[in-house]
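These notes concern the structure reproduced below.
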Amino acid sequence: SVRPTDKVFKTAPKDVRLDTTADIKSHATKIEALSVLTRTMPPGNATRMKSEERELLRRWFSLGAVVD
């Protein structure tokens, strides 16, 4: 985010922002890899992302990750 709410990050890590549809589209492959395949996002699962949420993301990616 342009303004991260996490106390650890003062700026977006690696300057990756997911604030807009365009941001999400441009990073879709990385989002899938980190949140679905390796489960390393969010870091330390700080938001307590559930397996069901990861499965929902996996299905969204399998359908082409359409963001409109």
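All of the numbers you see were taken from the coordinates with simple rules; none came from a lab. All values reported here derive from a predicted model rather than from experimental measurement. Reconstructed Cβ throughout: ideal geometry from the backbone, glycine too, with neighbour counts over all protein chains shown.
Computed FRET efficiency, Cβ-Cβ of S51 and D19, R0 25 Å: what is it to the nearest 0.05? Given R0 = 25 Å and the Cβ-Cβ separation, E is 0.45.
Each Lys and Arg contributes +1 and each Asp and Glu -1, all at the Cβ; summed about the Cα centre of the chain, the dipole is approximately 240 debye. Derived scalar couplings between HN and Hα for the stretch 16-32 equal 8, 10, 10, 8, 10, 4, 4, 4, 4, 4, 6, 10, 4, 4, 5, 4, 4 Hz in order, rounded to whole Hz, by the Karplus curve 6.51 cos²θ - 1.76 cosθ + 1.60 (θ = phi - 60°), x for Gly and Pro. In this simple spin-label approximation, S26 and F9 carry label points 7 Å from Cα along the Cα→Cβ vector, and these lie 1.5 nm apart. Across the stretch 43-59, rounded Karplus estimates of 3J(HN,Hα) from the backbone phi angles (6.51 cos²θ - 1.76 cosθ + 1.60, θ = phi - 60°) give x, x, 6, 4, 8, 6, 4, 8, 4, 5, 5, 5, 5, 4, 4, 4, 5 Hz, Gly and Pro being marked x. Straight-line reach from K30: taking Cα to Cα under 16 Å and skipping same-chain neighbours fewer than 8 places apart, the lysines in range are K14.
Taking the convex hull of the alpha carbon positions in the chain and averaging its projected area over all directions gives 4.7 nm². Only helices enter the 222 nm calculation for the chain: every DSSP H run of n ≥ 4 contributes -39,500 (n - 2.57), and dividing by all residues gives -8500 deg cm²/dmol, rounded to 500. The residue among F9, V66, S35 whose Cα reaches farthest toward the positive pole of the charge dipole of the chain, with charges on the beta-carbon of Lys, Arg, Asp and Glu, is F9.
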